[in-house]
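Asks: Here it is: the structure, laid out below.
The values are calculated or read from the model by the stated rules, or taken from the named source; none is laboratory data. Bear in mind that the values here come from a model prediction, so they are computed numbers and not experimental data. Quick reminder, even Gly has a Cβ in these numbers, built from the backbone with ideal geometry, and neighbours come from all protein chains shown. In case anyone asks, the SASA skips ligands and DNA or RNA and just uses the protein heavy atoms, side chains included. Shrake-Rupley method; radii C 1.70, N 1.55, O 1.52, S 1.80 Å.
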Amino acid sequence: MGRVIARDLRLAFRAGGGFGLGLAFYLILTVLVPFGVGPAGAELARIAPGILWVGALLACLLSLDRLFALDREDGALDLLATAPVPLEGVALGKAVAHWLTTGLPLSLAAPGLGVLLNLPWPGHLWLGLSLLLGTPALSLIGAFGAALTVGLKRGGLLLSLLVLPLYVPTLIFGADVARRGAEGMALGAPLALLAAVSAGCLALLPFAAAGALRINLR
Amino acid sequence: MNAPPLVLDGVAVARGGVPVLEGVTVRADPGTALILRGPNGAGKTTLLRTIAGLQAPIAGEIAPGPDQVAYGAHADGMKGGLTVAENLAFWAGIHGTGGIGEALDAFGLARLSERAAQHLSAGQARRLGLARLLLTGRPVWLLDEPTVSLDAEGVGLFGQVVRAHLGRGGIAAIATHVDLGIAGVPLDLAGFRARSVPAEGALAWDV
Amino acid sequence: MSIWSYANPAKFMATTRRLTPALGALAALCLVVGLVWGFFFTPDDYRQGATVKIIYLHVPSALMAINGWLMMLVASLVWLVRRHHVSALAARAAAPVGITMTLIALVTGAVWGQPMWGTWWAWDPRLTSFLILFLFYLGYIALWEAIEDPDTAADLTSVLCLVGSVFALLSRYAVNFWNQGLHQGASLSLDAEENVADVFYFPLLVSMAGFVLLFVALVLMRTRTEIRARRLHALRLRERMA
């Protein structure tokens, strides 16, 4: 599993676009929002946590369709399936690599982008924390969706259709943490639920993803 | 290397739900090569994928299991963004083996080891894909048209590597149209063309 | 005789040949009785007026929207565990019926909500849950359509249905949590069942029975079509062999 992570990270670094693309998309999305809703600071501050969460979610989606598709095309997935490593580990490794190249940088960038949307101060911290806690679930759910659609020629659009409804609980709890953090409210409950969603995804989805991969490799 | 023989007993395989081969029965002892022949579409690749465990046979028994088998396909899983040495190091790590230096030398890739795989010529890339087989440490090699895009020197090197593998008691099943200078048991798949009704029909869809 | 014998396509087709139209006729009867009784022979609600009568469409369709997904879940599990093809095809057949029921529930809900709440749409937990259910159905159907090999499609959609069910349930609770988080206690509540009087209740029961029968009849009909489609697929393969 570690080797899969290391290889995918190295490939992402070499290819250049790996990190940058998702981040650039996130930045542009954040910049566009005030043009859509107007420059009033109070208005922006109110919607900032939600916008920044939805933006991170969409940025996560960008690179998902290549998660297994590249390995499928060049045969690496076939070879990994016959290698003495569990496919569950491979699926988890790919999801972790995806998180390290998208979820983690997005989480770190989000507090900075919060400044653009006039997010009140303690909100930055909670936004970053909620994304750190929630984006692993997004990557794991995405890996499951990518595994389902890996055999399809144009699976990208279908992937979004499958994955976005699965993102609902994570988005609700994550954005709620960020919103409550910005408004200075108690946020223990959504924080715990968000962590629970991520932990549950971590425990279950690598198996579902590996199962879907096995079906697709037949 | 102390390998069990490769035994196919009454194997039937399907491609896209359509049976292509049935009743394939053959045995290759350690140290021998199995040369698969047959026109395009005869089912060479499908049979090799089935032996590799990538798809289940629709009938028959295959021994040994997939954990003894290394599959060398055209899609060889090499990443263009990684160097030759990094690619091999990844697969050596996955299989828990070593010997990257020997594998590079065997295919004359040593001076290219720091080059990114995407900058290799087609023939060099093919050699890299074949070098991976040495790192699997598995006794049974399945080779699907291994010499495509190899030059004369490459074919020669490949022949040497396979002969050395057989000399160590390994087994190779090779689907090829060219003479590799490897003595082996020929297996003409034209004789095993599937004639029975598709598996689908057996499911009582006649309603 | 074991229930699994109906998993044989031939046996299934023979049994449902007569059963399907009979169930369809019974569904039509129940729907006509239930809806006519409900629409024309019940008094107007003292608070909601005549608009309350949409309940005879809204509640049964919402019921079948959820039960349709549950049926798909059970059929998917049967397929994954016992590999009965009819089960996988029944799950496939149920999806379009289920999504239509969901759509009816959503539209009648909007039509009802307009005079009652003064808005076509509110992000009430129940409405939102049904919208999410609609999206789940959509993804499930899209995955079936996208995959060519029927067995692979059956496997992958079953896995999606299983995982989707967990997430659908999770979404239901998340949505409850989320709306409370927004409104501090829902101001719009739609608990019709709790304050329904007997005079509304009996026609509602009849039309619910009608919707259940309609659902079963439609799913059987569609399953029969799917089985015929599979037979066509098998015949084509056989032709390619020859």
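Asks: Counting only residues that are aliphatic (A, V, I, L, M) and within 7 Å of chain B (Cβ to nearest Cβ), which one in segment A:82-101 is most open to solvent (accessible area, probe 1.4 Å)?
Replies: A:85
Asks: I would also like to ask the following. Hey, among B:39, B:66, which residue is surrounded by fewer than 21 Cβ atoms within 10 Å (Cβ to Cβ) and touching a residue at least 24 places away in the same chain (Cβ under 8 Å)?
Replies: Testing whether each residue is surrounded by fewer than 21 Cβ atoms within 10 Å (Cβ to Cβ) and touching a residue at least 24 places away in the same chain (Cβ under 8 Å) leaves just B:39.
Asks: If you don't mind, another one. Just wondering, is there one or more residues in segment A:200-211 that are open to solvent by 60 Å² or more (accessible area, probe 1.4 Å) and without any contact (Cβ under 8 Å) to a residue 24 or more places away in the chain?
Replies: Within segment A:200-211, one or more residues are open to solvent by 60 Å² or more (accessible area, probe 1.4 Å) and without any contact (Cβ under 8 Å) to a residue 24 or more places away in the chain.
Yes/no per residue for (1) farther than 30 Å from residue C:109 by Cα; (2) at pLDDT 90 or above:
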| residue | (1), (2) |
| --- | --- |
| C:2 | yes, no |
| C:30 | no, yes |
| C:54 | no, no |
| C:60 | no, yes |
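Asks: Please verify whether residue C:121 is of a type in the set (Phe, Trp, Tyr) and surrounded by fewer than 20 Cβ atoms within 10 Å (Cβ to Cβ), treating the condition exactly as stated.
Replies: Judged against the criteria, residue C:121 is a match.
Asks: Just for segment A:17-43: of the residues that are open to solvent by 50 Å² or more (accessible area, probe 1.4 Å) and outside any helix (DSSP H, G or I), which one is farthest from the other protein chains (Cβ to nearest Cβ)?
Replies: A:39
Asks: Just the residues that are hydrophobic (A, V, I, L, M, F, W, C) and crowded, with 16+ Cβ neighbours inside 10 Å, please, taken from segment C:65-84.
Replies: C:65, C:66, C:69, C:71, C:72, C:73, C:75, C:77, C:78, C:79, C:80
Asks: Every residue in segment C:11-43 that is within 18 Å of residue C:230 (Cβ to Cβ) and open to solvent by 40 Å² or more (accessible area, probe 1.4 Å), please.
Replies: C:11, C:14, C:15, C:17
Asks: Would you point out which residue out of A:46, A:14, A:7 is part of a helix (DSSP H, G or I), open to solvent by 50 Å² or more (accessible area, probe 1.4 Å) and either at positive phi or within 14 Å of chain B (Cβ to nearest Cβ) (or both)?
Replies: Matching residue, one of A:46, A:14, A:7: A:14.
Asks: Being free of Cβ contacts under 8 Å to residues at least 24 places away in the same chain and at the interface with chain A (Cβ under 8 Å from one of its Cβ atoms) is the filter here; which residues of segment C:134-158 pass it?
Replies: C:135, C:142, C:143, C:146, C:147, C:152, C:156 - these are the residues of segment C:134-158 that are free of Cβ contacts under 8 Å to residues at least 24 places away in the same chain and at the interface with chain A (Cβ under 8 Å from one of its Cβ atoms).
Asks: Okay, next question. Can you name the residue in segment A:125-139 that is open to solvent by less than 40 Å² (accessible area, probe 1.4 Å) and over 19 Å from residue C:132 (Cβ atoms) and, of all such residues, is nearest to the other protein chains (Cβ to nearest Cβ)?
Replies: Applying the filter and picking the extreme gives A:130.
Asks: So residue A:171 passes all but one of these: (1) more than 10 Å from every other protein chain (Cβ to nearest Cβ); (2) under 16 Å from the mean Cα position of the chain (by Cα); (3) of a type in the set (A, V, I, L, M); (4) open to solvent by 10 Å² or more (accessible area, probe 1.4 Å). Which condition number does it fail?
Replies: Status for residue A:171: all satisfied but (1).
Asks: For residue C:138, indicate whether it is at pLDDT below 90, out of contact with any Cys (no Cβ under 6 Å at 6 or more places or on another chain) and in a helix (DSSP H, G or I).
Replies: In short, no.
Asks: Go through C:218, C:170, C:235, C:131 for me and flag whichever is assigned to a helix (DSSP H, G or I), at pLDDT 90 or above and either open to solvent by 60 Å² or more (accessible area, probe 1.4 Å) or facing another protein chain (nearest Cβ under 8 Å) (or both).
Replies: Checking each option against the conditions leaves just C:170.
This table checks each residue for (1) out of contact with any Leu (no Cβ under 7 Å at 6 or more places or on another chain); (2) part of a loop (DSSP other than H, G, I, E, B).
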| site | (1), (2) |
| --- | --- |
| B:4 | yes, yes |
| B:7 | yes, no |
| B:19 | yes, no |
| B:23 | yes, no |
| B:31 | no, yes |
| B:50 | yes, no |
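Asks: Condition (residue is in contact with a Lys or Arg (Cβ under 9 Å, 6 or more places away or on another chain) and at the interface with another protein chain (Cβ under 10 Å from one of its Cβ atoms)) applied to segment A:198-211: is it met by at least one residue?
Replies: Within segment A:198-211, one or more residues are in contact with a Lys or Arg (Cβ under 9 Å, 6 or more places away or on another chain) and at the interface with another protein chain (Cβ under 10 Å from one of its Cβ atoms).
Per-residue answers, yes or no, for (1) assigned to a helix (DSSP H, G or I); (2) of a type in the set (S, T, N, Q); (3) modelled with pLDDT of 85 or more; (4) open to solvent by less than 50 Å² (accessible area, probe 1.4 Å):
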| position | (1), (2), (3), (4) |
| --- | --- |
| C:86 | yes, no, yes, yes |
| C:91 | yes, no, yes, yes |
| C:98 | yes, no, yes, yes |
| C:103 | yes, no, yes, no |
| C:110 | yes, no, yes, yes |
| C:116 | yes, no, no, no |
